[in-house]
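The structure appears below as C-alpha cells.
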Amino acid sequence: DPAFARAFSNRCALYNDKGLLDEAISDCSRAISLSPDMASAFMNRGVSYKDKGWLDEALLDLNKAIELEPGSADAYNNRASVYGMKERVDQALEDCDKALWLNPSFAEAYNNRAILYKKKGLFDKALADYDKAIELKPDFAIAYVNRGAMYGTKDLFDKALQDYSKAQ
C-alpha cells in the first residue's frame, strides 16, 4: 500500500533528524519494498547511509532517487555532499549547480557549494556562497560557522568572531 510506504519514508526522515540511522534505514527499506518507485525513500535512505559513512551505498540510493525524480534539488544536494566526502569535488560542484538551478533559493546548496569552493582554494567564491546562504536563511548557524572559518583563513579575525557569535 503506497500510504504505508509514505508513512515509512516519512518516519525514516524523522529518524534521520534524530540520528537514529539504523531505524531510518530499516523504515526506508520497508518503504522501498512497498513502493519501489518512491524517490523520497531512496533519498532518505541515502542520507542515512551518508550519515553512517556508507558512501557507496549512499551514492547508489541517491542516484536512484535522481533517476526517479530528476527535479529533486534535495537529492542533487545530498549527492553533492557524498561526492564531496569522497573528494570528487568537480562532480559535487556539478550537483550543487544543478540543485541551485532547480531551486535558486536553496540555502543549504549554497553552503555546500561554498565548502567545495573552499576545498578548491576558491575562497572568494566560497565567501560569496556563504553570504548568499545566510541572506536566504539568516538563522543558518552552520553557514555562519563556515563563513567564520573562511574569514579566519583570510586573516579577517574580527569578522570571523562576529560570525561565530551569530552561530550560537
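The values are calculated or read from the model by the stated rules, or taken from the named source; none is laboratory data. Just so it is clear, the structure is predicted and the values come from calculations on it, not from any experiment. Neighbour counts are summed over all protein chains in view; Cβ atoms, including those assigned to glycine, are modelled from backbone coordinates with ideal geometry. What goes into the accessible areas is simple: the full protein's heavy atoms, side chains included, and nothing from ligands, DNA or RNA. Shrake-Rupley method; radii C 1.70, N 1.55, O 1.52, S 1.80 Å.
Structural remarks
- This model, with +1 at the C-beta of Lys and Arg and -1 at the C-beta of Asp and Glu, gives the chain a dipole about its Cα centre of some 300 debye.
- Only the Cβ atoms of Lys and Arg (+1) and of Asp and Glu (-1) were treated as charged; on that basis the dipole of the range 10-75 about its Cα centre amounts to roughly 120 debye.
- Net lengthening on full extension, L14/D139 (0.36 nm per residue, minus Cα-Cα): 42.9 nm
- Candidate values [x] 17.3; [y] 16.5; [z] 19.3 were compared with Kirkwood radius over Cα pairs in Å computed on the shown model; the agreeing label is [y].
- Calculated log₁₀ intensity ratio I(q)/I(0) where the Debye formula runs over C-alpha points of the range 103-168, q = 0.18 Å⁻¹: -0.55
- Proximal lysines to K86, defined as alpha-carbon separation beneath 20 angstrom and excluding residues fewer than eight positions away on the same chain: K50, K52, K64, K98, K118, K119, K120
- Straight-distance candidates among the aspartates and glutamates for linking to K159, with alpha-carbon spacing under 20 Å and chain neighbours fewer than 8 residues away dropped: D124, D129, D131, E135, D139.
- Accessible surface for the range 22-168, divided over its residues, is 49 Å² per residue with a 1.4 Å probe.
- Rounded to 0.05, the FRET efficiency of the S33 and D56 pair, given R0 = 25 Å and the Cβ-Cβ distance, is 0.75.
- Pairwise centroid distance, computed over Cα atoms, of the range 65-85 with the range 88-118, Å: 10
- Heavy-atom accessible surface of the chain: percent carbon and sulfur, 1.4 Å: 51
- The angle between the Cα long axis of helix 39-52 and the longest principal axis of the Cα atoms of the chain comes to about 60 degrees, rounded to the nearest 10.
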